[in-house]
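These notes concern the structure reproduced below.
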Amino acid sequence: MSQEHFIKNIEIKNFKLFKDFKAEGFGRVNLIGGKNNVGKTAFMEACFIIDNFNSFYLNNHKEIDGMRERLYFEIIKSLIVIQMNRFGNNFILQWVLNNYNLHTFSNFEIEIEKNIKLVAEDYFIRPEVFLIKSWWNYGGFNLLGHRKNKYFNIIKEENSLPKIDIFNFVSMCNNNQITLRKLLSKIKKENKNDLINNYLEELFDIERIDMTEDEIILFKDEETINISEYGDGIKNFINIVMTILYYKNSVIFIDEIENGIHYSNYDRLWKIILTISKEQNVQVFATTHSKECIESYARVAKELEDKDITFFKLGRNQQNELKGMVYPYDWFIDSIEQEEEVRGW
């Protein structure tokens, strides 16, 4: 299967913690480790923004000159998803109260593969596609005035909160029933129910998942239980698996992948992720704080002989400069087996 949509290299300038940063050599599955507040989530956010922009361009490049407003609108939605991940549901209310001001995303530059660049300067977003002469290379879009965009009513209806239909950034903040219902509906339409049911039974002894008009229901020991009665571990797992199934031939981002998952289930979790990401041709970027999760990742990759994986270590050098190191399969496995510290420096 083609992996043309995979992120292999990235360059980031002046985006949050990243001032002038480059990394290359990513694989199908990439686990990001490092100390707290070193920039693991911010790195994924940069990849997420540019990936959504790139996907939109690839799907619409023949008509792109007439879709400027729609392109800018998709960028706005990506920024909103990031804010929702950072601040949870509280952000939506704050967003409305602040007159839709997304000023926290000023002055950054992200580049992937020397083909696509996304630049924001003083509230203006300027996307650039290299080697293509068109409107991409000049002008900008004023985030503070984005309500004038004709596509805004897609996410904002009168007297209602914004509705976002981007789910490939997975976090504890978006494992709610709205997201899960959207994903489960697609899984059911594609007749992939048995897959998610098998995985649920393997990890949690849950027989199957289904939904009514109002609820998501889990079946266990001839009982029906509303998913809201379960902890975050099951909801996070369901969110991860259904997202990989939903976004076939795409890229997904999982923030703090171990959240709510007991360490005894790490091996089974990684086996499922490595297996279905390969079957679905999905590239995965995930962050973790857990040494046990990193060791499990290495152990399962070796067991499955899956060499299309990397470990990406973020840290700061003695000059307090942010640095990253991509460990390919052989190097990563050897480092784990030698009991080297790979969680950052």
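Looking at the stretch 182-191, which of its residues are in contact (Cβ under 8 Å) with a residue 24 or more places away in the chain and surrounded by 14 or more Cβ atoms within 10 Å (Cβ to Cβ)?
Matches in the stretch 182-191: Leu183, Leu184, Lys186, Ile187.
Out of the residues in the stretch 211-233 that are under 16 Å from Asn193 (Cβ atoms) and in contact (Cβ under 8 Å) with a residue 24 or more places away in the chain, state the one that is surrounded by the most Cβ atoms within 10 Å (Cβ to Cβ).
Once the filter is applied, the top-ranked residue is Ile227.
Looking at Thr243, Thr287, which one is more than 20 Å from Asn9 (Cβ to Cβ) and of a type in the set (Ser, Thr, Tyr)? Please lay out each step first, then the result.
Working: Thr287 fails: more than 20 Å from Asn9 (Cβ to Cβ).
None of the other options fit; the residue is Thr243.
Among (1) without any contact (Cβ under 8 Å) to a residue 40 or more places away in the chain; (2) out of contact with any strand residue (DSSP E or B) (no Cβ under 8 Å at 6 or more places or on another chain); (3) surrounded by 13 or more Cβ atoms within 10 Å (Cβ to Cβ), there is one condition Asp194 misses while meeting the rest; what is its number?
Looking at each condition in turn, Asp194 falls short on (3).
Looking only at the stretch 244-283, how many residues end up being among the hydroxyl-bearing types (Ser, Thr, Tyr) and farther than 20 Å from Thr310 by Cβ? Lay out the reasoning, then the answer.
Of all residues in the stretch 244-283, those among the hydroxyl-bearing types (Ser, Thr, Tyr) come to 246-247, 250, 263-264, 266, 275, 277.
Those still in the list that are farther than 20 Å from Thr310 by Cβ too: 246, 263-264.
Adding up the residues that qualify gives 3.
Of the residues in the stretch 296-330, how many are in a helix (DSSP H, G or I) and either in contact with a strand residue (DSSP E or B) (Cβ under 6 Å, 6 or more places away or on another chain) or at pLDDT below 95 (or both)? Working first, answer last.
First, pick out the residues of the stretch 296-330 that are in a helix (DSSP H, G or I): 296-304, 329-330.
Then keep just the ones that are either in contact with a strand residue (DSSP E or B) (Cβ under 6 Å, 6 or more places away or on another chain) or at pLDDT below 95 (or both); that gives 297, 301, 329.
Summing the residues that are in a helix (DSSP H, G or I) and either in contact with a strand residue (DSSP E or B) (Cβ under 6 Å, 6 or more places away or on another chain) or at pLDDT below 95 (or both) in the stretch 296-330 gives 3.
Does Asn239 meet the test of being under 30 Å from Leu58 (Cβ atoms), assigned to a loop (DSSP other than H, G, I, E, B) and in contact with a helix residue (DSSP H, G or I) (Cβ under 9 Å, 6 or more places away or on another chain)?
Details: under 30 Å from Leu58 (Cβ atoms): yes; assigned to a loop (DSSP other than H, G, I, E, B): no; in contact with a helix residue (DSSP H, G or I) (Cβ under 9 Å, 6 or more places away or on another chain): yes.
The answer is no for Asn239.
The values are calculated or read from the model by the stated rules, or taken from the named source; none is laboratory data. What you see is a predicted model, and the numbers here were worked out from it, not measured in a lab. Counting neighbours? That spans all protein chains shown, and the Cβs are built from the backbone with ideal geometry, glycine included.
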